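Scroll down for the structure; my scribbles are underneath it.
The values are calculated or read from the model by the stated rules, or taken from the named source; none is laboratory data. This is a predicted model, so every value here is computed, not measured. Cβ placement follows ideal geometry from the backbone for every residue including glycine, while neighbour counts extend to all protein chains displayed. With ligands, DNA and RNA removed, areas are computed over all heavy atoms of the protein, side chains included. Shrake-Rupley method; radii C 1.70, N 1.55, O 1.52, S 1.80 Å.
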Amino acid sequence: PSRAEEDDMAAYLQVVLRETTKHRGKSGELVRVRPGYARNFLVPRGVAVYATEKNVARIEHEKREALARAAKLHAEHEAAAKKLASIKLTLKVKVGEGDRLYGSITSKDVAAELAKAGVEVDRRKLELGDIKAVGTYEVKARLSPDVTATLKLEVVKALRLTRSRRARAPAGSPAGARRICGPGDNLGTTCETPGDGRYSSFRPARTASPSTR
């Protein structure tokens, strides 16, 4: 080599990157840097190591292990995506006028339903639109930068309890054998009709409180 090339070689040294950096290269690559930059920044911070024969061999071994781990993780993500694609979730919700939801469905709600189905997915990886009405929707699960699963979510309205003011006496009960639950009873309270031991479920009538003088 010429004198200029020798001077240039002396002004640089080789290091092996342990991390991917924006301006230098990818992890595991052999790069040339100035000695002061390697000595004062790259090596002390663990970003690179000097390119000795031992270090180069160690980095190559670490690269092979990293590739094997990445391949295994990718296969696991692919299997999880296939399982998610076969799932159809159903969420029962309370609705108001026009079948509009009170609030909206969140990723936390979907993650909880998936857990019930035996699939654990971080709710931060779930992507769903603004769900505020009953219907069928698609939910995306971004398991990794290159693996995304899509599953079906059906939002249906929950059945309402039938309301009536009185518990009707069944046939064969004594005349007038009917009772209204007291104001302390809640919707769906089971109230006994005296005389035959049968039960009816209804919203209790509210009775006026006696006035005080």
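Brief remarks on what is shown
- Straightening the chain between Glu19 and Phe41 buys 6.6 nm, computed as 0.36 nm per residue apart minus the Cα-Cα spacing.
- Förster radius 25 Å - calculated FRET efficiency between Glu76 and Lys54 (Cβ-Cβ, nearest 0.05): 0.15
- Relative contact order computed over segment 1-152 (Cα-Cα under 8 Å; 6+ residues apart), in percent: 17 percent
- Taking each residue as 0.36 nm, the span from Arg124 to Ser27 lengthens on full extension beyond its C-alpha to C-alpha distance by 32.2 nm.
- Accessible surface of segment 1-150, 1.4 Å probe, proportion on carbon and sulfur as whole %: 51 percent
- Within a straight-line Cα-Cα reach of under 30 Å, Lys152 can be paired with the following lysines, leaving aside sequence neighbours fewer than 8 residues apart in one chain: Lys72, Lys82, Lys83, Lys88, Lys92, Lys94, Lys108, Lys116, Lys125, Lys132, Lys140.
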